[in-house]
Amino acid sequence: MHLVDEYEPREIEALIMQVFADTARGPLNREGYADYLFTDWNDKKEQFERKQVGEILSDMNGVEYQLRREVDKLRETNLIMEGIVTPSNKGEIQTWLTSSNGRIIRPGHRYSFPYTRLEGWLWGIEDAGITVWRTNDRFATADAIVMRMKHVLRQDHNAL
């Protein structure tokens, strides 16, 4: 079974359901889990927390607290940072938004703290054992989740 939190976008759920028909919605966050929960070939659970870059930049402490609770519930936790960020020429963080057709990228919100602070925070999250994934938008997020779900369902792996 592949579970999606009740408040996650329907577009992501629909894309996952194209590959995994046994996908269902549930109160994952209210039960202490991340936004997406699935089981591998060996009946081991794994979860993904999806955060838009603005959510992270607006409340790093809150996101970290949420991740800590989720890791306490399930060790195999991943964080998806959804959105495009670059350092600005003034040392700030510039976010970028994609158009609905995905052909145009335009400036989004600018945050007045150093880009290195975000990168350092993300490295700290990884040092704590949470894998960080970066995606541009909801479609890339759905692709990343589906790719991971497919990968963990295979018993045989030949990388390395």
| query | If the convex hull of the alpha-carbon atoms of region 66-154 is projected onto planes in all directions, what is the mean projected area in square nanometres? | reply | 7.2 nm²
| What does the accessible area per residue of region 41-104 come to in Å², with a 1.4 Å probe and no ligands, DNA or RNA counted? | 55 Å²
| task | Straight distance only, please: which lysines reach the Cα of LYS44 with their own Cα at less than 27 Å, same-chain residues fewer than 8 apart left out? | result | LYS73, LYS150
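One-quarter of the Cα convex hull surface for region 91-139, in nm²?
Details: hull surface 16.7 nm².
Reported value for the Cα convex hull: 4.2 nm².
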| query | Points 7 angstrom from Cα along the Cβ direction at ASP22 and ASP59: gap in nanometres? | reply | 3.5 nm
| task | Any aspartates and glutamates with Cα under 12 Å of the LYS45 Cα? List them, leaving off those in the same chain fewer than 8 positions away. | result | GLU76
| said: What distance in nm lies between label points placed 7 Å from Cα along the C-beta direction at ASN89 and GLU11? | reply: 3.2 nm
| said: Between (1) 16.2, 49; (2) 30.6, 111; (3) 18.3, 67, which entry matches Rg and Dmax of the Cα atoms in Å as derived from the coordinates of this structure? | reply: (1)
| Quick one: if the Förster radius is 25 Å, what FRET efficiency do ARG69 and LEU153 give, using the C-beta to C-beta distance and rounding to 0.05? | 0.40
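From largest accessible area down, sort TRP41, TRP123; use a 1.4 Å probe on the protein chains. Mind dumping the intermediate values first?
Values: TRP41 115, TRP123 160 Å².
These residues rank, largest area first, as TRP123, TRP41.
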| said: Of all beta bridges DSSP finds with both residues in the chain, what is the antiparallel percent, to the nearest 5? | reply: 50 percent
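When only Cα pairs under 8 Å and 6 or more residues apart are kept, what is the percent relative contact order across the chain? If you can, show how the numbers build up before the last one.
Working: 252 pairs, mean separation 35.9, N = 160.
Relative contact order, the chain: 22 percent.
The values are calculated or read from the model by the stated rules, or taken from the named source; none is laboratory data. Quantities reported herein were computed from a predicted structural model and do not represent experimental measurements. Reconstructed Cβ throughout: ideal geometry from the backbone, glycine too, with neighbour counts over all protein chains shown. Accessible surface areas use protein heavy atoms only, side chains included; no ligands, DNA or RNA. Shrake-Rupley method; radii C 1.70, N 1.55, O 1.52, S 1.80 Å.
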